[in-house]
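Have a look at the structure below before the remarks.
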Amino acid sequence: MYRYDEFDARFVRERVAQFRDQVARRLDGSLNEDEFKPLRLKNGVYLQLHAYMLRIAVPYGTLSSRQLRQLALIGEKYDRGYGHFTTRTNMQFNWPRLRDVPEILDLLADVEMHCIQTSGNCIRNVTADHFAGIAADEIEDPRPTAELIRQWSSFHPEFDYLPRKFKIAVTGAARDRAVVRAHDIGLRILRNAKGEIGYEVMVGGGLGRTPMIAKTIRGFLPKTDLLAYLEAVLRVYNLEGRRDNKYKARVKIMVHEIGAEEFARRVEAEFAQLDGPAIAADPQEVARIAAYFAPPAYETLPARSARFETAKAENRAFATWASVNLFPHKVPGYAAAVISLKGIGDAPGDITSEQMRVVADLAETYSLDELRITHAQNVVLPYVKKDDLFIIWQKLVDAGLATANAGLITDIIACPGLDYCSLATARSIPIAQALAHRFADEKRQLEIGELNIKISGCINACGHHHVGHIGILGLEKSGQESYQITLGGDATETAAIGEILGPGVPADDVPDAIERIVSVYLAHRTAGETFIEAVRRLGLAPFKAAFLEKTHAPA
Amino acid sequence: MPLLDRNGLKPDEWTISEDGTADAPRILVAFDHLKDALSGNGRGRRIGVTIANTLKSDALVPYLNDIDLVSIAFPSYGDGRGFSIAKQLRRAGFKGTLRASGPLIADQFAYALACGFDEIDLPQAQAARQPVEHWLKAAASISNTYQRGFGEQNILDARRAARLAGK
Ligand code: SF4
């Protein structure tokens, strides 16, 4: 993974000193609260319901063992012994004190981490496919691109006061595991007819109150043009994006209002005036970054591991976990293991400091010292030898981290909701917990198969409910929580926004409502058909009928 | 209103004259009056223009050789359009003075300079709360950033130089 050189290290240290100074200027009154707010946000410090919250960047979801141990320490020393992974693969602490923040930043800088631009109206932490470098369907590893963008977007003098937040995601594979079409800019690495590698550039995706799927504005962008092209997109948006209404300020609204073609035309006109080579990173710099992501020294192993097969044969629980939580590795004899942070009854994405240490140790011993965070709020050990899987699983069992539900109905994405978030209109974590309990039975989960439920506690949609196969949006209706249920969302390369099934239901009725939807699927599916495939084939009607059946007798 | 550049506070030598009629050696006119002010400029006055941040930079391009200063309004510090306009004017070849006018905060000084601004024209109240030392300190707080084409130095070129020098 990427390591800081002297320039990166100095940059982050100076950023810490700068924030310290900003806090001091806020305290002595030279900055008023209005002026301080964007400065603290750009450093990941939110004022939440109960306390300040600190959001730490995990660029493109990659962490080393050492970094995770440092997060464990911070969780213990400055929080309540745990942290929370978000849908943008960042880590959030919900209880730090403002005066401790500079100290926490120092600890982060010690391990080459920071909170830069994890919030605010600027270019946010860049995300990428969590199976980067290991997926067989990959054309090129997206992480060097993501790292280049991380650096380029850090403290960009021109683009730090945008109309609204700006999120970029990169995938290098045919299968989109990074939800790139739900981002302000989505980049897909591809090969053109001549065999050259470049990017498909998609703009204007986003969830929130006006969910939109990004439109392609450039089918093939040569790699060397990346930074100049991004500069052109951001400049057009910075100059012409709406600033009159916060809810209409994302680039998706501009793309929608003027049309993708016109947006593309303006970007190309700006791009044509730029001196590309003067903006681009030179090839040696690109190569320098890419070298950090070169494939590790894999051992030559047989594809089949006798030890793994025997363990599966002898231990049903392990076999189940292995069938659900492993992702195929492009190198024979290896696998990527998903560690679910969705234990039944847990808050999705939460992890205790103790568990962080267990995971860090496992990564150090068995996964070349590296781990990944997924947008589904789970952790991945990316470079595991199949021979080692059984012992890893045993250690996960001891740590309460061996839930076999990756991609299943209880692998629920949920935002913090009303338990923590000051914008929330309803709770989301308790809904996730209730659903997890309802569908806890392992056999039943397996029978239902792949099904993503995503829950947001308000219209801002941090829980990505629009692109959940089943989406749940918590609203407030005359003082009562009311949950709106959507069906048919898709977060992959076939991205789609789910459709609303009917009127909202109270919290207590959510599990029954989901149950009825799932029953329709089980009753109508054909052999091997997944939930989302069945929804596409059957359409909304049968699900709607079942959903409405009981829900809305009396209002 | 207090004016500062990378060296600190400086006197403002420009006289605001929206319609361009003032008899002063340096006048700052509104964009709408720029054409008239320039065509009737037999008196050897220097002319600058104040623009809103909604003006397209293309609209100014025909005049760039004839004016000495462009003052771009920042209605609030959170509205970053002026940074992009400055960048475009520099690209179009404007060699005169670029002024950012409005309630910016000290922490934006480095950005303004990197985008091509020379000076900041601050409201009195802002300047009173944020003395010039804060601005100079803030401008120097991050010694080097990653973008090429913004200011004199950047990390990418520094790395390249280190490479060429054999590290
Ligand atoms: S979706 Fe709403 S409630 Fe949930 S984290 Fe985002 S802003 Fe908060």
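Can you give me the ranges of the helices (runs of 4 or more DSSP H) entirely in region A:1-94 with at least 1 residues that are without any contact (Cβ under 8 Å) to a residue 12 or more places away in the chain and within 28 Å of A:D184 (Cβ to Cβ)?
Because the criterion is at least 1 residues that are without any contact (Cβ under 8 Å) to a residue 12 or more places away in the chain and within 28 Å of A:D184 (Cβ to Cβ), the helices (runs of 4 or more DSSP H) in region A:1-94 that meet it are A:6-27, A:33-41.
Among the residues of region B:52-71, what is the count of those that are in contact with a Phe, Trp or Tyr (Cβ under 8 Å, 6 or more places away or on another chain) and within 13 Å of chain A (Cβ to nearest Cβ)?
The total comes to 4.
Of everything in region A:122-146, what is within 11 Å of chain B (Cβ to nearest Cβ) and closer than 18 Å to A:Y2 by Cβ? Give them in sequence order.
Result: no residue meets the conditions.
Quickly run through region B:130-159 and pick out the residues that are free of Cβ contacts under 8 Å to residues at least 12 places away in the same chain, at the interface with chain A (Cβ under 7 Å from one of its Cβ atoms) and surrounded by fewer than 17 Cβ atoms within 10 Å (Cβ to Cβ).
Result: B:S143, single match.
Is there a residue in region B:116-123 that is at the interface with another protein chain (Cβ under 7 Å from one of its Cβ atoms) and outside any strand (DSSP E or B)?
no
Residue by residue, here is whether (1) over 16 Å from A:V467 (Cα atoms); (2) of a type in the set (F, W, Y); (3) in a helix (DSSP H, G or I) holds:
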| residue | (1), (2), (3) |
| --- | --- |
| A:T494 | no, no, no |
| A:V510 | yes, no, yes |
| A:A513 | yes, no, yes |
| A:R516 | yes, no, yes |
| A:V520 | yes, no, yes |
| A:A523 | yes, no, yes |
| A:E529 | yes, no, no |
| A:I532 | no, no, yes |
| A:F543 | yes, yes, yes |
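Of all residues in region A:165-183, count the ones that are surrounded by fewer than 23 Cβ atoms within 10 Å (Cβ to Cβ) and within 14 Å of chain B (Cβ to nearest Cβ).
Looking only at that region, the number is 1.
Checking the structure you have, find out if any residue of region A:410-424 is touching a residue at least 24 places away in the same chain (Cβ under 8 Å), more than 10 Å from the ligand (Cβ to nearest atom), away from every other protein chain (no Cβ under 14 Å) and in contact with a strand residue (DSSP E or B) (Cβ under 7 Å, 6 or more places away or on another chain).
Yes, region A:410-424 has at least one match.
If I filter region A:51-59 for residues that are hydroxyl-bearing (S, T, Y), assigned by TED's automatic domain parsing to the domain that holds A:W95 and at pLDDT below 95, do I get at least one hit?
Checked against the condition, which is being hydroxyl-bearing (S, T, Y), assigned by TED's automatic domain parsing to the domain that holds A:W95 and at pLDDT below 95, region A:51-59 yields at least one hit.
Can you tell me which residues in region A:433-475 are out of contact with any helix residue (DSSP H, G or I) (no Cβ under 9 Å at 6 or more places or on another chain), within 13 Å of the ligand (Cβ to nearest atom) and outside any loop (DSSP other than H, G, I, E, B)?
A:H465, A:L475
The values are calculated or read from the model by the stated rules, or taken from the named source; none is laboratory data. Here the structure is a predicted model, which means the values were calculated and not measured. Methodologically, a virtual Cβ is constructed for each residue, glycine included, from the backbone with ideal geometry; neighbour enumeration extends over all protein chains shown.
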